[in-house]
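Handing you this structure, nothing more for now.
The values are calculated or read from the model by the stated rules, or taken from the named source; none is laboratory data. These figures come from a predicted structure and were not determined experimentally. Quick reminder, even Gly has a Cβ in these numbers, built from the backbone with ideal geometry, and neighbours come from all protein chains shown. Remember, those area values only see protein heavy atoms, side chains included, never the ligands or the DNA or RNA. Shrake-Rupley method; radii C 1.70, N 1.55, O 1.52, S 1.80 Å.
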Amino acid sequence: MEKITSEIFLQRYKNGCKDFQKIILEYADLSKTNFQQINLQGSQLSYVNLSGINLRDSTLLAAQFSFCNFKDSKIESCWLESTRFSDCDFRGASITKANLTYSSFIRVNLQGARLEGFGEEFPLFFNVVREDGKFISGYTYEP
């Protein structure tokens, strides 16, 4: 795993790099950025502001997101299989046409979000605020 700063991340992306497999990125502001077709497979992002971003056609396979802000983000046609979201804010986000097989949403806020995906197995939800604002305590396989 390679730990990088937000400045290095953004510079590499600006130079055409879209492969960021197995990176560690912490305390970064990447809000309102267009990251279409980016590969974050196996990466770990913590305390990253991803609000208002566009992750269309991206690979987030087995990535881990902790304490990240996805508010009003667009995550469309992404591979989220085995991806873990812990303590993240998805208010107003749109997650559509995403492979959600074995993904997990732990202590996340989905209020006002649009969550439509597919997969061989349902995603796991634990202590979440649903799209309608209702808090669901414990484990479930339905948002």
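With the dipole of the chain worked out from charges on the C-beta (+1 for Lys and Arg, -1 for Asp and Glu) around the Cα centre, which of F105, C68, C78 lies farthest toward the positive end?
Of the options given, the answer is C68.
Taking loop as defined by DSSP and a crowding limit of 12 other beta carbons within 10 Å, which GluC sites (Glu not before Pro) in the stretch 36-139 fit? Numbers along the way, then the final one.
Numbers: sites: E76, E81, E116, E120, E121, E131; in loops: E81, E120, E121, E131.
Filter output for the stretch 36-139: E120, E121.
Given just the C-alpha atoms of the chain, how large is their convex hull per residue in cubic angstrom?
Values: hull volume 11.7 nm³, N = 143.
Dividing the Cα hull volume of the chain by its residue count gives 82 Å³.
Carbon and sulfur atoms: what percent of the 1.4 Å accessible area of the stretch 69-143 do they account for? Write down the numbers at each step before the final one.
Numbers: 1760 of 3770 Å².
Carbon and sulfur together cover 47 percent of it.
Sorted by mean Cβ packing within 10 Å, highest first, what order do the peptides 36-42, 5-11 take?
Ranked from most to least packed, the peptides come out as 36-42, 5-11.
What percent antiparallel are the DSSP beta bridges of the stretch 11-143, to the nearest 5? Present the calculation step by step, with values, prior to reporting the outcome.
On the way: 4 of 39 bridges.
The antiparallel proportion sits near 10 percent.
At 7 Å along the Cα-to-beta-carbon direction for both S137 and D87, put a label point, then send me their distance in nm to one decimal.
2.1 nm
While we're on this one: Might you tell me the accessible area per residue for the chain, computed with a 1.4 Å probe and given in Å²?
Working: 7300 Å² over 143 residues.
On a per-residue basis, the chain sits at 51 Å².
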